Amino acid sequence: MKSSPIFSSVFLIVTSSLLCSSVALSLDKTTASDQSWFVTAGIGASSTNADNAVQQGPNAGNAPSVGYEVDSNAVYSLGLGYNLGNGIAVQGDLRTREFTTDTGAIAANASGQFAGNTYSVDGEVQSTSLMINAIYDIPNSSAFQPYVKAGIGVAKNEVEMSQQISPLFSVIGDTSTIGSACAGTTYCFPDDSSTEFAWSVGAGVRYNITDTFGVGLDYQYIDLGEAATGVDPNGDKVVYDNLTNHEVVLSTFISF
């Protein structure tokens, strides 16, 4: 379900405030030396659990019944956090990643109007998430610091897609909104974006090279909601439902 940016922002502010307050109240006799700010930056890879993208609308019965496979690519992250003491920290984490759908020729629905034709699509979802994470460092005396984390936030999912039906694309409806980039047998669905509620869980390990600098390996599972193109002149759209991702990021961190 799509949520408005205003609702998502208010929800994020309220829930993150309650989370920070409850964590702070749980601390007992934290010293000033235990408290510090830290920044992180990282790059990594991802593997998606997302369902296949599917066409919805009055002409969906012509499209391949299996939908279109979704792949995920590199992940980039920036973070700013604060160590509250007693192994507990809160962090704002900004990440971006891209989901792609670039298929070869897929047989049309055999019972549809375009039986005997093939469909191919070229699409992408640019998903940018802003999360508030609660992090707990597992007690450990070595230079390696394992941790677990959980977060809530919002994701902005931006979609663009073109589709080709071969050997002939017989457009059923009004084509006046089709741009020159979609000439011939290629058809563009209108770009669209939505703001979704997001949540994540994860774990990782940091290696402290010095007291203030180190490197880390971070894993998280994140649910980014859904995404969809705009509705085309024929009343159809392509929906990416259940955008979920496994992400592994190699990062550096500096505390101050």
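Considering the stretch 70-102 alone, what residues qualify as being within 16 Å of Gln55 (Cα to Cα) and crowded, with 18+ Cβ neighbours inside 10 Å? Outline the logic, then answer.
Let us first name the residues in the stretch 70-102 that are within 16 Å of Gln55 (Cα to Cα), namely 70, 100-102.
Of everything in the stretch 70-102, those that are within 16 Å of Gln55 (Cα to Cα) and crowded, with 18+ Cβ neighbours inside 10 Å turn out to be Val70, Thr101.
Going by the structure shown, is Phe189 outside any loop (DSSP other than H, G, I, E, B), modelled with pLDDT of 95 or more, farther than 18 Å from Ile43 by Cα and not acidic (Asp, Glu)?
Details: outside any loop (DSSP other than H, G, I, E, B): yes; modelled with pLDDT of 95 or more: no; farther than 18 Å from Ile43 by Cα: yes; not acidic (Asp, Glu): yes.
So Phe189 fails the test.
Considering only the stretch 30-39, I want to know if a residue exists there that is in contact with a Phe, Trp or Tyr (Cβ under 6 Å, 6 or more places away or on another chain), at pLDDT 90 or above and either under 30 Å from Ala108 (Cα atoms) or not basic (Lys, Arg) (or both).
Taking the stretch 30-39 as the starting set, the residues that turn out to be in contact with a Phe, Trp or Tyr (Cβ under 6 Å, 6 or more places away or on another chain) are 37-38.
In the following step, the residues that additionally are at pLDDT 90 or above were identified as 37-38.
So of that shortlist, the ones also either under 30 Å from Ala108 (Cα atoms) or not basic (Lys, Arg) (or both) come out as 37-38.
Among the residues of the stretch 30-39, at least one is in contact with a Phe, Trp or Tyr (Cβ under 6 Å, 6 or more places away or on another chain), at pLDDT 90 or above and either under 30 Å from Ala108 (Cα atoms) or not basic (Lys, Arg) (or both), which makes the answer yes.
Is there a residue in the stretch 68-78 that is touching a residue at least 40 places away in the same chain (Cβ under 8 Å), closer than 19 Å to Thr229 by Cβ and not small (Gly, Ala, Ser)? Lay out the reasoning, then the answer.
Quick first cut of the stretch 68-78, residues touching a residue at least 40 places away in the same chain (Cβ under 8 Å) only: 68, 70, 72, 75, 77.
From the residues that got through so far, the ones that are closer than 19 Å to Thr229 by Cβ too are 68, 70, 72.
Checking the rest, the ones that are also not small (Gly, Ala, Ser) come to 68, 70.
Taking every residue of the stretch 68-78 in turn, at least one turns out to be touching a residue at least 40 places away in the same chain (Cβ under 8 Å), closer than 19 Å to Thr229 by Cβ and not small (Gly, Ala, Ser).
Which one of these does Cys20 not meet: (1) closer than 21 Å to Gln163 by Cβ; (2) at pLDDT below 90; (3) not charged (D, E, K, R)?
(1)
The values are calculated or read from the model by the stated rules, or taken from the named source; none is laboratory data. Computed from a predicted model, the values in this text were never measured in an experiment. Heads up, the Cβs are rebuilt from the backbone with ideal geometry, glycines too, and the neighbour counts pull from every protein chain shown.
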